[in-house]
Structures are given as C-alpha cells and as structure tokens.
Amino acid sequence: MTSATFDFAPLLPAGLPAPAAKWTGLAKYSFVGGNNDPDGVPVEGLIDAVNAVLQREGRMLATYGLASGPQGYRPLREFLTRKLKRDAGIECVADDILIVSGSLQALDLANGALLARGDTVICERDNYQGTLTRFQRLGVTPVGIPLDEHGMRIDALEAALADLKRKGVRPKFIYTIPTVQNPTGTILPEERRVALLKLADDYGVPIVEDDCYSDLIWSGKRPPALYAMSRSENVIHIGSFSKSIAPALRVGFIVAPWAIMSRMLALKTDAGSGALEQMVLAEYCRDNFVTHVPQLRVALRKKLDILMEALNEQFGTAAEFAEPEGGIFLWVRLPDQVDTLTLYQKALAAGVAINPGPEWSTDKAHSKSRMRLCFASPSHAEIRDGIAVLADICRKEFGVPERSANVARAKG
Ligand SMILES: Cc1ncc(COP(=O)(O)O)c(C=O)c1O
C-alpha cells in the first residue's frame, strides 16, 4: 500500500471560496473580531441556568428541536417576544421568530432566500466585513451608501435608488445596521427610519435589518426597530445573543413575515440550532437579562473611554473618530498617507491586531486610512499598551503620529 497523500484538488467544484487559513491564536493585543468582555460573561448565572433547565427538561434533548418544532425552543422565542416588544417596539408572536446559529446564519438564510449571482443590493458604505464577503462570494454587487454621524444618508439612498431604477435595476434588498452601525457606531434616528421605510415602499425594495448591537447603547434608549415601524411587512429583522451574553453560544434569531420566513426556514437544513444553548439562554434571560445588560454596558463604556484616551495620548490629532453611542468598536481615521492594510501587516507582526478599513467598506479608497478597533475583549492595560505599540509602528512606517505620548520622535 502506498502512503501518498490523497489529492482532493481535482474533485473540488468551481466557485469554492479560497482555502481557510489555519488558526494561529489571538494576537497579544487583539482589537479585532466581535469578541466580548470576558469579565462580562455571566458565568455563575449560566451555571445555575444549566443545572436548573437540565434537571427540569433534560429528557427533552432526546428529540430534535426539543419538541418545539423547527423554529427553535419555544420558551426562548417567548422571552424574545417580550424583550422585542419592550426594547424595540416589535409586536410579534413566537411563530414569527426563528432561532438560528448566530446572526451569521440569519444572513445566510436571508441571502439564500433572496439573492442570485448578478443581483444588486444596497447597504451602508462602511460595513460589516462578514456581510461584504458574503455578497462577494455570492457574486452580488453591493451599492454602498455613505454615512454621516446619524447613520445612512437618506439623500444618498434616494439618489442611488433613483439611479438604479433609471438603469432598470431593482435591488433585491437594503441591508442596514441601523442601531449601532458596524463599524461607525452610529444610530439612525427615528425620522430617518421613517424616510428609509418610505423609500423602500416607494421603490418596492425590502429591508434586512441587522440589529445585533442594539442592547449595547450607553443610554439604554433606542429608536423603534424598522420592523416595528414598517406598515408593509417588508422587513426581515435579525438579532443575536452574541453581543449581550456571549458570541460562543452561537444563538441568533430572525423575525420575519411568514411569506419570507417560510422560504428561509426551508433553507435551514441543520435540523435546528444547538439545543442546550437555547435552553440555557431561555432559563438565564427570563429573570436576568434586564440586570445583566446594563452592567455589561458600564464595563464596555469604561473600555471605550480608555481606548479614546489612549488614542488621544498616543496619536494626538492624527487619530480622528466620533464617539460611538454604544457597541464594541471605534472607527478611526488616520492621516491620508497611512495605508491601514500595510499598517495591519506590520502591527500584526508586532502582536497588535487591527481591522484595516478596506475590509470594512464598499469603497476601498475612502477607507484606505481608516481602521476598526474592537475594545470589548482586551483588558484596560492591553488597550493602553496595544495602542502605544500601534502608534509606534505607525510612526515608523508612515511618519505619523509625529508625537507619541507628548514625546516628539523622528521617523525611522
Ligand atoms: C453587524 C453584524 N452582524 C452579524 C454578526 C454576526 O454575529 P453572530 O453570528 O455572532 O450573531 C456580527 C458579528 O460581529 C455583526 O457585527
């Protein structure tokens, strides 16, 4: 018998994504990914919830779907109906909700139900990388709408819709992150939501509302969800427990009218999302969600303050940013000569991971000197030290900031 390695390459179908890179561990100073604050995970409460729910209902694990049907564990959907009404103004029943394996699966289902190669979608210009790479893989053209300090610019959206109509293109949907936008951290005010819904109605385009950061607003107050405000059942609302409880649980949800829910449900072929996670979340969240989330926000807000202080100290005026109203990241603009794709490589070699702007935008030139920094996961000391290392590398590579921590330094 020969021991030559089997060659899979000739068997791979055309159109597969590029091979995945092997995991090499987190950087020493990691400002990437949607990771949460390790001290913010309610470990004790989750342990109590696991024990309680398994003792009471553990035997139900013998059934696919926990005897709740394919849309997910009913007590979790019932918790969500109460939460969504209280926080987002959404009136829905458990049957309007589908529990999914993280909101990434929700994006796949919405895309799967609505998109075909060659289609056009509308989205905010600076955007979640996971969404942009999905559009690219599907062969779909995203039309990026610029944002200002209040989120998507409605004048630019109107112009884009009119332009596409003139060209005979009907976009498949408007994908938006209206409540703590990723990466800009902006919140679309209620008047703009009204205008966005009107344009969507006028042009016959549905909306995919990705709302996964809406629990993390410093003030605790949010405008109603687009789903709640729509009068024409044209919104698919996507949420997640990743940012409020823990991303590793992989539990998200979709609220949608049955006409499109039934199409997405038919595409969810994994026989249901992880049951234990759903049971534990339902048990934990019922009594604890409302006290846990405000504590998490305070801890995140503190980390944001430390990050902004560190940037001001190390980069001075070279780092421009608007203070986000919530969330876990800061979108930073550096001087034009900085290419954040290069900075990303150099910084990573020194143990600092950042998200380079061009990976988070439909407009590579506009985002060339921008970067996204996630502040939830690193400790206070790691934020301070990591930004000092980043400033040093940036200065050596691009000559900015000229001064770091009030010390003038020469390039090189
Ligand atoms: C805008 C947005 N949507 C969706 C996701 C996916 O989150 P999850 O699948 O963990 O719910 C993320 C994660 O960072 C995100 O930022």
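Dividing the convex hull volume of the alpha-carbon atoms in the chain by its residue count gives 176 Å³ per residue.
Running Debye on the stretch 32-103 with equal point scatterers at the Cα sites and no solvent, what base-10 log of I(q)/I(0) appears at q = 0.28 Å⁻¹? Result of the Debye calculation: -1.14.
Shown for 167, 346: other C-beta atoms within 10 Å of each C-beta, ranked fewest to most, produce the order 167, 346. Using only the Cα atoms, work out Rg/Rh for the stretch 195-276, with Rh taken as the Kirkwood radius, to two decimals. Here Rg/Rh amounts to 1.01. Close amide H pairs (under 5 Å, H built 1.01 Å from N) link residue 253 with 100, 239, 240, residues at least 5 positions away or on another chain.
How would the stretch 183-327 be classified by its alpha-carbon gyration tensor: rounded, prolate or oblate, with rounded meaning a/c under 1.5 and the a/b versus b/c comparison settling the rest? Oblate shape, in that a/c is at least 1.5 and b/c is the bigger or equal ratio. Normalised Debye scattering of the stretch 99-183 at q = 0.19, 0.20, 0.21, 0.26 Å⁻¹ gives log10 I(q)/I(0) of -0.87, -0.96, -1.04, -1.38, counting only Cα atoms as equal scatterers and leaving out solvent.
For 120, 269, 131, 179, the sequence from fewest to most other C-beta atoms within 10 Å is 269, 120, 131, 179. Distances between placed amide hydrogens fall under 5 Å for residue 361 paired with 127, all partners being 5 or more residues away or on another chain.
Here the Karplus relation 6.51 cos²θ - 1.76 cosθ + 1.60, evaluated at θ = phi - 60°, turns the backbone of the stretch 368-377 into coupling constants of 3, 9, 9, 8, 10, 10, 8, 9, 6, 7 Hz, with x for every Gly and Pro. Calculated over the stretch 62-216, the projected area of the Cα convex hull averaged across directions stands at 10.1 nm².
Amide hydrogen proximity for residue 141: with H placed 1.01 Å from N in the peptide plane, the residues at 5 or more positions away or on another chain lying under 5 Å are 118, 119, 120, 121. Checking every one of the GluC sites (Glu not before Pro) in the stretch 1-95 against DSSP loop status and a limit of 15 other Cβ atoms within 10 Å picks out 91. What the Cβ-Cβ distance of residue 190 and residue 4 gives, at R0 = 56 Å and to the nearest 0.05, is a FRET efficiency of 0.30.
Quick check: the angle from helix 340-349's long axis to the longest principal axis of the chain, C-alpha only, nearest 10 degrees? The angle comes out at about 90 degrees. Principal axis extents of the C-alpha atoms in the stretch 1-67 (largest first, rounded to whole Å): 53, 41, 30. Restricting attention to the chain, close to 60% of DSSP beta bridges with both partner residues there are antiparallel. Residues of the stretch 360-387 falling in the label zone of residue 350, defined by backbone nitrogen less than 15 Å from a point 7 Å along Cα to beta-carbon, are 383-387.
Pairs from the list 198/221; 302/364; 243/268; 83/268; 368/396; 172/364 with a Cα-Cα gap above 27 Å: 302/364.
Just to confirm my numbers, what's the Cα centroid distance between the stretch 276-329 and the stretch 116-178 in Å? Each part's Cα centre sits 28 Å from the other's. Counting only the Cα atoms, the stretch 148-219 fills a convex hull of 89 Å³ per residue. For the chain, modelled as a GNM whose springs connect Cα atoms under 10 angstrom apart, the maximal fluctuation among 288, 182, 355 occurs at 288. Averaging 1/r across all pairs of distinct Cα atoms in the stretch 247-365 and inverting the result yields a Kirkwood radius of 18.6 Å.
Among 308, 60, 279, sorting on how many other beta-carbon atoms sit within 10 Å of each Cβ, with the fewest leading, yields 60, 308, 279.
None of the figures in this text is laboratory data; all of them are computed from the coordinates on show. Because the structure is predicted, anything quoted here is derived from the model rather than measured. Glycine gets a Cβ as well: all are built from the backbone with ideal geometry, and neighbour counts include every protein chain shown.
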